[in-house]
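Single-structure report; data block below.
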Amino acid sequence: MRGLLTVFNKELADYFISWRGIILFGVVLLTAVFAIYGPSGALQNIRAELSSTTQLGATQFVFLRLFTTSGQGSQSFLYFVSAFLIPVIGIALGFDAINGEKNNGTLSRLLSQPIYRDTVFNGKFFAGIATIAIMLTSIILLISGLGLNMIGVPPSSEEAFRLFLFIVLGTLYGAFWLGLSMLFSTFLQRVATSALAAIAVWIFFLVFMLMISTFIANTLVPIDQTSATQEIFRNIGIQITASRASPIFLFQEATTVILAPGARTASEILQLQQSAGAGLVSSTLPLGQSLLTIWPHLVTFIAITTMLFAISYYKFMREEIRST
Amino acid sequence: MSKLAKKLMVETKDLTKIYDGTTAVDNLNLHIEEGDLFGFLGPNGAGKTTTILMLLGLTEPTSGSVYVAGHNSTREPLKVKSISGYVPEKVGFYENLTAAYNLAYIARLNNLPEEIVKKRVSETLDIVGLADKAEQVVGEFSKGMKQRLALADILIKTPRIAILDEPTSGIDPEGINQLLDLIAEIARERKMTVIMSSHQLHQVQRICNQIGIMVQGQLLVKGSPDQLGKDSLDSSQFKIEIKLTETTQGIIDAVKRIKGVLSMDKTEDKLLIGCSKDLRPQIAKAIVEADGLLVEMKIQSYALEDIYLKYFKEA
């Protein structure tokens, strides 16, 4: 156990004092500042919304709107975090975890110490998760602090809890990217290759997944301007289901439920439309219901991450130290 | 008698390792006694590193078994690792961390109590002569300094056996000698068993009291350097080279009659005489008595180098 703690401490310290850590924290700081103050930041919009309370749920969860409102012509903080920040942090922390040590000649030195081999692997993984959690917490606190100062509305206890949930969910999502990049660093010998492989997967989900899910939907249920409403709904339904293969979409869906209780995700609307007669209820979702909605997402993230971890763990434990 | 009193530090029984069909180590039976400075010689790819990895339990043998200080390396690797220090061939450190931090990390992984980690780190750096570089990041170290740090890295856990894989590769000649002397000195002071692999014979010869030559996965010979020399060259340990103004048959016969002369080769203007001890006075006398005029006489004791090369040729 002490060995694990030693590796954990060292890796954590390494992440924080290395250039990598400094750069990542710089990105975190910039994200927070731009989310609030940016030329098309959330602040302006929130002020506008607050003055006209006609919008759905605008008076409730004002504080959370700091995170979900998008400025004019730009994406919201939520989108930026899910599509860019967390994947980049996860990949940056893990892409050289194992093969970097191998190429550096530190791995065999480390493994000749009286510790179990998985100590090295677990220590790195947990230190990475801790770093992601710390970064997400600091970004949320930063935005909260800045936002509190600007809009003057403190978060309610439910809002605080929802933000906490967001950090948990974001950490799990980051753990997925960390697990993925560590998987590549276990299997591939060169650091550059494993970094590229992880980035390729990220870009695939970010850019191509949308095209693929649209393609699948249009192949199965072709629609045009004359299509019936039912057809269009089926098409969208398939699109959403296919998109859920992408962790980015999954995370966006889950965080929208958590941070924008007034909003309805496309799939919820779809369900409501399909269950005949039921209209769209214009109220916010209680915390318990929000939790229930994202439960499958949460489980999926834990499952995928555990699977990635297990594969790399197995490979790392079985791998032989060779003489070359 | 002393042999009985000494304990076996390393023992392998029919140790075999096969990588993808090629046999890296072939039925190796190696015994190293406690306190020995064992030089592990052999060309690249002879299976030295594979043997070392199996000693430490980092690689599993295909068949056979290996014991270090009585512990089975395959079954109880942690016990073996806690008493042995290992310097891999391509030793590396965390370049962005200081020398002291690198050492402290290893000390902590070896369960050294936190209150003595710091003291031990500075003591160990002092021994290898890096005390003033403690707070410098390892990225700024030269190759020689890194090898010294690697020594500190194994000393910090006060091992009973130190295993050094090609510790001298990539260092300048002066640095090599300093490093080797340091290894020998530490081993003597701490009564530590040392296994040092190398493909440079003279380095091993400088400090080791036991030498094993490994070729193609097999241990060809093992013994003290003197012993090896005697065994391998039919006891003709000395080679005397003489140059004469004229080489007559009379001289050759006279020299051949000297007791102890084992062989004689005649080249254009030189005579090469192999003998079991230094026979220069007798040979000089014989030549003068046979009316020969001696121009030059040189003696060379057989360096182990020749023996080593001979084994290489045979393999």
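Helix-only estimate, please: 222 nm mean residue ellipticity of the protein assembly as shown, summing -39500 (n - 2.57) across DSSP H runs of length 4 or more and dividing by its residues, to the nearest 500. Provide the component values of the computation, followed by the final result.
On the way: 28 runs with 353 residues, N = 639.
Computed ellipticity for the protein assembly as shown at 222 nm equals -17500 deg cm²/dmol.
So, by mean Cβ neighbours within 10 angstrom, what's the order for A:182-190, B:215-223 with the highest one leading? Mind dumping the intermediate values first?
Details: A:182-190: 21.6, B:215-223: 18.1.
The peptides rank, most packed first, as A:182-190, B:215-223.
Lys and Arg at +1, Asp and Glu at -1: add these up for the other residues within a Cβ distance under 14 Å of B:D26 and post the number. Each step should come with its number before you reach the end.
Details: positive: B:K13, B:K17, B:K48; negative: B:D14.
After counting each charged neighbour, the total is +2.
With θ taken as phi - 60° and the coefficients 6.51, -1.76 and 1.60, list the Karplus ³J(HN,Hα) couplings across region A:157-170 in order, rounded to whole Hz; mark glycine and proline as x.
5, 5, 4, 4, 5, 5, 5, 4, 4, 4, 5, 4, 4, x
Pairs of Cα atoms under 8 Å, at least six residues apart: use those to get the relative contact order of chain B, whole percent. Walk me through the numbers before you get to the answer.
Details: 586 pairs, mean separation 59.3, N = 315.
Computed value for chain B: 19 percent relative contact order.
Need one number: convex hull volume per residue for region B:232-303, Cα atoms only, in Å³.
Values: hull volume 5.6 nm³, N = 72.
Here the figure is 78 Å³ per residue.
What are the ³J(HN,Hα) values, in whole Hz, obtained from phi via the Karplus relation 6.51 cos²θ - 1.76 cosθ + 1.60 with θ = phi - 60°, for each residue of region B:188-197 in sequence order, with x given for Gly and Pro?
Calculated HN-Hα couplings, in order: 5, 5, 9, 6, 9, 6, 10, 10, 10, 8 Hz.
How big is the Rg/Rh ratio for region A:186-265, C-alpha atoms only, Rh by Kirkwood, two decimals? Show your work: numbers first, answer last.
Numbers: Rg = 16.8 Å, Rh = 14.8 Å.
Reported Rg/Rh, Kirkwood definition of Rh: 1.14.
What whole-number value in cubic angstrom gives the convex hull volume per residue for the C-alpha atoms of the protein assembly as shown? Please list the in-between numbers first.
Details: hull volume 146.9 nm³, N = 639.
In the protein assembly as shown, the Cα convex hull volume per residue is 230 Å³.
How big is D for region B:74-202, in µm² s⁻¹ as a whole number, if Stokes-Einstein is applied with the Kirkwood radius of its Cα pairs at 10 °C and 1.306 mPa s? Walk me through the numbers on the way to the answer.
Values: Rh = 14.9 Å.
Translational D for this selection: 107 µm²/s.
Run the reach check for B:K259 against lysines, Cα to Cα strictly under 26 Å, same-chain hits fewer than 8 apart removed. What comes back?
Hits, sequence-local ones excluded: B:K230, B:K239, B:K243, B:K270, B:K277, B:K285, B:K298.
Along the charge dipole of chain B, which of B:G70, B:V91, B:L125 sits closest to the positive end, that is, farthest toward it, with unit charges on the beta carbon of Lys, Arg, Asp and Glu (+1, +1, -1, -1)?
B:G70
Can you work out ³J(HN,Hα) from phi for every residue in region B:128-135, in order, using Karplus 6.51 cos²θ - 1.76 cosθ + 1.60 and θ = phi - 60°, giving whole Hz and x for Gly and Pro?
Ordered by residue, 3J(HN,Hα) equals 8, x, 10, 4, 7, 9, 3, 9 Hz.
Where the only charges are on Cβ atoms (+1 Lys, Arg; -1 Asp, Glu), what is the dipole of region B:1-140 about its Cα centre, to the nearest 20 debye? Could you put the intermediate results ahead of the total?
Numbers: 15 positive and 18 negative charges, 74 e Å.
With Lys and Arg at +1 and Asp and Glu at -1, about 360 debye.
Can you sort A:T255, A:T241, A:T106 from fewest to most other Cβ atoms within 10 Å of each residue's own Cβ?
Working: A:T255 24, A:T241 13, A:T106 21.
Fewest-to-most Cβ neighbours within 10 Å comes out as A:T241, A:T106, A:T255.
Which whole-number percent of Cα pairs in chain B have a distance greater than 36 Å?
Details: 16402 of 49455 pairs.
Counting every Cα pair in chain B, those more than 36 Å apart make up 33 percent.
Please report, for the Cα atoms of region A:101-202, the Rg to one decimal and the Dmax as a whole number; what are they, in angstrom?
That works out to 18.6, 57 Å for Rg and Dmax.
Quick one: dipole size for chain B, taken about the Cα centre, charges +1 on Lys/Arg Cβ and -1 on Asp/Glu Cβ, in debye to the nearest 20.
I would put it at about 800 debye.
State which entries of A:K102/B:K79; B:K13/B:K310; B:K7/B:K133 exceed 29 angstrom in Cα-Cα distance in the structure shown.
Working: A:K102/B:K79 24 Å; B:K13/B:K310 27 Å; B:K7/B:K133 38 Å.
In this structure, B:K7/B:K133 lie more than 29 Å apart at Cα.
How big is D for region B:136-206, in µm² s⁻¹ as a whole number, if Stokes-Einstein is applied with the Kirkwood radius of its Cα pairs at 37 °C and 0.692 mPa s? Intermediate values should be presented prior to the final figure.
Values: Rh = 12.6 Å.
Value of D from the Cα-based Kirkwood radius: 260 µm²/s.
With angles folded into 0 to 90 degrees, how steeply does helix B:304-314 sit against the dominant principal axis of chain B? Use alpha carbons for both and round to 10.
90 degrees
If amide H atoms are built 1.01 Å from N in the plane of the peptide, which residues on other chains or at least 5 residues away come under 5 Å of the amide H of B:M9?
B:I32, B:E33, B:E34
Calculate the dipole size of the protein assembly as shown relative to its Cα centre from +1 charges on Lys and Arg beta carbons and -1 charges on Asp and Glu beta carbons; express the result in debye to the nearest 20. Spell out each step's value before the answer.
Details: 56 positive and 56 negative charges, 181 e Å.
Approximately 860 debye in magnitude.
Can you list the residues, at least 5 places off or on another chain, whose amide H is less than 5 Å from the amide H of B:V215, using H built in the peptide plane?
Residues meeting the amide H criterion: B:L220.
Near the amide H of B:Y86, under 5 Å away, which other amide H atoms are found, from residues 5 or more places off or on another chain, if H is placed in the peptide plane?
For B:Y86, the qualifying residues are B:I163.
Report the FRET efficiency, 1/(1 + (r/R0)^6), for A:L196 and B:L294, where r is their Cβ-Cβ distance and R0 is 56 Å, rounded to 0.05.
On the way: r = 74 Å, r/R0 = 1.33.
E(calc), rounded to 0.05, equals 0.15.
None of the figures in this text is laboratory data; all of them are computed from the coordinates on show. Just so you know, these numbers come straight off a predicted model, no measurement behind them. Here the Cβ is made from the backbone with ideal geometry for all residues, glycine too, and neighbour counts use every protein chain on show.
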